[in-house]
There are 2 protein chains.
Amino acid sequence: MEILRKPEEMTAWSKRAAREGKTIGFVPTMGALHEGHMSLIRRARKENDVVVVSIFVNPTQFGPGEDYDRYPRCFEKDAKMCEAERVDAVFHPAAEDMYPEDHRTFVEVCELSNRLCGISRPGHFRGVTTVVAKLFGIVRPDRAYFGMKDAQQLVIIERMNRDLCMGVQIVRCETVREPDGLAMSSRNTYLSAAERKQALAISRALKECEARFDAGERKTMPLLKVMGDILAREPDIEVDYIAVADPITLDDISTIENEALAAIAVYIGKTRLIDNVTLRPKKG
Amino acid sequence: MEILRKPEEMTAWSKRAAREGKTIGFVPTMGALHEGHMSLIRRARKENDVVVVSIFVNPTQFGPGEDYDRYPRCFEKDAKMCEAERVDAVFHPAAEDMYPEDHRTFVEVCELSNRLCGISRPGHFRGVTTVVAKLFGIVRPDRAYFGMKDAQQLVIIERMNRDLCMGVQIVRCETVREPDGLAMSSRNTYLSAAERKQALAISRALKECEARFDAGERKTMPLLKVMGDILAREPDIEVDYIAVADPITLDDISTIENEALAAIAVYIGKTRLIDNVTLRPKKG
């Protein structure tokens, strides 16, 4: 497995692979890898000739006062995990190589970036789309793998990829959960034991929402209420938002015509956690 | 010569060329081709295996009240001119294929886009960078050719290309002028005979600025004054800006250390014209 730190080395590596006719599967991460990342890597491994994982804690997607400085960094461990999954190349650039002092270009997906998480994290998705555009330029993948846990991010990246004609196949991957239901996240390591227990209310609320939907509920008001009630029982949970939204426009909806995205963001202490389920009619 | 109207057809064409190991030279234009464009095409022809010219009047780079509707369109004539220069493919998309209704992504180069022309044309360069990013995604060129007449545009596109790691070689090409000095522009066709004559003051002013620089003047104030005086003699010229700026940051400067960009934008009647020269010390 190669570890590449300079963007130009990464591009040269990818160009070589492309010249040899190999397809490139790409998993962009901020490191602190967990089973969620591993599931993306395994899928990329299955579907491509070579697999590239980027490990880069992207400063432009963190707001002032957010957890950029304390975001978990454990490159040695991450690299070992990549190697064990037969990753071909890990791209691990320095922040100053990704953002030289005179870096001035930003990519923004309007409207979609100002909903849900975009409200409490202004500029966050602009940082995400900018770094993903850069990474796509550097790595030049055929396919890129993103987890559904970050559903809004995924919708925004799909739109960017289409609008800017980037030609990458964006692959949506299911959220991976702990046995008790908590969605895997690098930020789960921030939680105390007591917080960890309360955090289960998030997936419980989404599960209950899904059960009501499956039982026929199509009005969003009762779905929002049931989720709110479950979260309200936890003393240390502060709700950022609870939403049932159109899965493409991310607009709030009052009645579910076909599919919808049920999404939750909360603060538990200083830790911000998100999770979601897609509500879709069962077939048959 | 192929004429391609759908973005996906253009991309398929370019992918085929790349698979055959051919280098792709790209000249993005808004049509109404003149000798300036032809010089870009000829250079692309010389330096690449295949040449693609795009002809697309890009709506997002025109502000409200600007000349989007009346911008000259003469596709048949343009296509013939391309064919005569042995262009391999002309990309001529419909606006609705470039900007479907749910298009939401924009590329912006901060700071550089808010100087010079960016002041009187807010949003203009955001439209330019967005469409060039899209065209680069669609055409996938090895090299792209831009004229120095649009000096600010060129600086901004170079920065975007570097910042987003697009990997295109941006080729700067000298401004082509009419025998009397007027910089070639599709907008010159808007001018009446009387306006056309007054417009010569622009290149005359820049030439005089250059002569003073060559004679040793390094303070910008006297250079600005000499240009202003020449333009002020023309009754129908309204100055938008006269600037001597750093060629990389586009900041106004008071003393020229090495090189500088002397740039002028004026309105003559309803027509906005721009021109510039690079002031650089003569070698030897």
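A few notes on this one:
- Efficiency of FRET from Cβ geometry, A:ILE248 and A:ASP69, R₀ 41 Å, rounded to 0.05: 0.70
- Report summary: the helix-based calculation at 222 nm, which adds -39500 (n - 2.57) for every DSSP H run with n ≥ 4 and divides by the residues of chain A, gives -12000 deg cm²/dmol.
- Most mobile listed residue (B:GLY31, B:GLY228, B:GLY21) in chain B, GNM with C-alpha springs under 10 Å: B:GLY21
- Top positive-direction residue, dipole computed over the protein assembly as shown with Cβ charges, set B:PHE146, A:THR23, B:GLY31: A:THR23
- Sorted from shortest to longest, the distances between the B:ALA94 label points of this copy and the other copies are 5.1 nm, with each point 7 Å from Cα along the line through the beta carbon.
- Note on chain B: with charges restricted to the Cβ of Lys and Arg (+1) and Asp and Glu (-1), its dipole about the Cα centre is near 580 debye.
- Reach of A:LYS283 by Cα under 19 Å, taken over aspartates and glutamates that are not fewer than 8 positions away in the same chain: A:GLU174, A:GLU210, A:ASP214, A:GLU217, A:GLU257, A:GLU259
- Couplings 3J(HN,Hα) for segment A:249-263, derived from phi with the Karplus relation 6.51 cos²θ - 1.76 cosθ + 1.60 (θ = phi - 60°), are 8, 6, 6, 4, 10, 9, 10, 8, 7, 9, 9, 8, 9, 9, 9 Hz, where x marks Gly and Pro.
- Near B:ALA215: Cβ cut-off under 12 Å, other residues only, Lys/Arg at +1 and Asp/Glu at -1. The net charge is -1.
- Of the beta bridges in chain A, as assigned by DSSP with both residues counted there, near 50 percent are antiparallel.
- Innermost chain A residue relative to the axis carrying A onto B, by Cβ distance in angstrom: A:VAL107, 3
- Helical segments meeting 20 Å axial Cα length and Kyte-Doolittle -1.0 threshold in chain A (DSSP H): A:124-139, A:193-214
- Here the simple spin-label model places points 7 Å from the Cα toward Cβ, and for A:GLU217 and B:LEU200 these points are separated by 8.0 nm.
- Two-site label geometry, A:SER120 and A:LYS225: point separation in nm, points 7 Å out along Cα→Cβ: 2.3
- Label spacing, shortest first and in nm, from A:CYS110 to its equivalents in the remaining copies (7 angstrom along Cα→Cβ): 1.9
- Whole-number D in µm²/s for chain A (Stokes-Einstein; Kirkwood sum over Cα pairs; 37 °C, 0.692 mPa s): 166
- For A:THR189, the label point sits 7 Å beyond Cα toward Cβ; its separations from the matching points on the remaining copies run 6.3 nm, from shortest to longest.
- Take every Cα pair under 8 Å whose residues are at least 6 apart in sequence, average their separation, divide by the length of chain A, and the relative contact order is 17 percent.
- Cβ-derived FRET efficiency at R0 22 Å, A:ALA12 paired with A:ASP102, nearest 0.05: 0.40
Rule-based calculations on the coordinates, nothing more; no lab input. Quick caveat: nothing in here was measured; it's all calculated off a predicted structure. No Cβ is skipped: glycine too gets one built from the backbone with ideal geometry, and neighbour counts run over all protein chains shown.
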